[in-house]
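Enquirer: The structure that follows is given in the form of C-alpha cells.
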Amino acid sequence: MTQVDFYILPETTSDARWLFACRLIDKVQRMGMRVLVAMDSEADARAFDELLWTFKPESFIPHQLLNGGKPAPVEITFTQEAGDHQSLLLNLSKATPPYFSRFERLSEVVIQEQESLQASRERFSFYKSRGYPIETRKL
C-alpha cells in the first residue's frame, strides 16, 4: 500500500512549494529513488523543469518531461501518463493523480495559502478514508 507523506510548509507562495520540492527531489534522487512529478499543466511542467536546472547551481538532477526519450531518474508529467516506475510520486497538482496507488510513496507539499490548504485537506481526507498510511511532517 502506498505510503503518503504530507510536508507542511510555513510559507504561503507557490515558489516556496516548488523550491522545497526541488530540494526533496535532490535528496531522494541521490538516495537512488526515481521520482515522477505530477503537475497541472504543460506550462507548469516546463517551468518546473527549468527550475530543476537552476535552483541549486552546484547540483545536477537528471530529469525530463515524461516521454522525452530514454527514461530519466526524475520525470515530470502533466497528463494521465505515469511512466514505468513505481518508486516516488511527488504531487504538485491540485488533484489526486488517478495512478497514485501504484507508487510505493506519494509526497504532497502543502503551503499556507487558502486554496492550496483546502485542496490539500481534501486529498488528505481522500487518502485517509481509503486507509492509506499517512505521515505529516511540519517544517
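The values are calculated or read from the model by the stated rules, or taken from the named source; none is laboratory data. None of the values given here were measured: they were computed from a predicted structure. Note that each Cβ is placed from the backbone with ideal geometry, even for glycine, and that neighbours are counted across all protein chains shown. In case anyone asks, the SASA skips ligands and DNA or RNA and just uses the protein heavy atoms, side chains included. Shrake-Rupley method; radii C 1.70, N 1.55, O 1.52, S 1.80 Å.
Enquirer: Give me the one-decimal nm value for the distance between modelled label points at Glu50 and Glu104, 7 Å along each residue's Cα-to-Cβ direction.
Expert: 3.4 nm
Enquirer: Let me ask something else. Let me test this: with uniform point scatterers at the alpha carbons of the range 31-94, what is the Debye-based log₁₀ I(q)/I(0) at q = 0.20, 0.22, 0.25, 0.29 1/Å?
Expert: After summing over all Cα pairs, the log10 values are -0.74, -0.90, -1.14, -1.42.
Enquirer: As a test question: what accessible area, to the nearest 10 Å², does Arg130 have when a 1.4 Å probe is rolled over all protein chains in place?
Expert: 130 Å²
Enquirer: Each label point is 7 Å from the Cα along the Cα-to-Cβ direction; what then is the distance between the points at Gln114 and Lys128, in nm?
Expert: Output for this residue pair reads 2.2 nm.
Enquirer: Assuming R0 = 25 Å, can you tell me the calculated FRET efficiency for the pair Glu11 and Met31, based on Cβ-Cβ distance, to the nearest 0.05?
Expert: Calculated value: 0.50.
Enquirer: Quickly work out the Glu135-to-Gln86 label distance, labels modelled 7 Å from Cα along the C-beta direction, and quote it in nm with one decimal.
Expert: 2.0 nm
Enquirer: Just Ala45, Ala82, Ala95 to compare: in a GNM of the chain, with alpha carbon springs under 10 Å, which one fluctuates most?
Expert: Ala95
Enquirer: Further question on the same structure: Per DSSP helix of 4 or more residues, -39500 (n - 2.57); summed, then divided by the residues of the chain. What does that give at 222 nm, rounded to the nearest 500?
Expert: The per-residue figure over the chain is -11000 deg cm²/dmol.
Enquirer: In straight Cα distance, which lysines are under 22 Å from Lys94, not counting same-chain residues fewer than 8 positions off?
Expert: Candidates past the 8-residue exclusion: Lys128, Lys138.
Enquirer: OK, next. Tyr132 accessible area, nearest 10 Å², 1.4 Å probe?
Expert: 40 Å²
Enquirer: Along the positive direction of the dipole of the chain (beta-carbon charges: Lys, Arg +1; Asp, Glu -1; about the Cα centre), which of Gln80, Ile134, Gln29 reaches farthest?
Expert: Result: Ile134, furthest along the dipole toward the positive end.
Enquirer: A further question on this structure: Over the range 45-112, average the accessible area per residue using a 1.4 Å probe and give it in Å², no decimals.
Expert: Roughly 48 Å² per residue, with all protein chains present.
Enquirer: Please report, in debye to the nearest 20, how large the charge dipole of the chain is about its Cα centre when each Lys and Arg carries +1 at its beta carbon and each Asp and Glu carries -1 there.
Expert: About 500 debye.
Enquirer: Calculate what fraction, in whole %, of the accessible area of the range 91-139 sits on carbon and sulfur atoms when a 1.4 Å probe is rolled over the protein chains.
Expert: 48 percent
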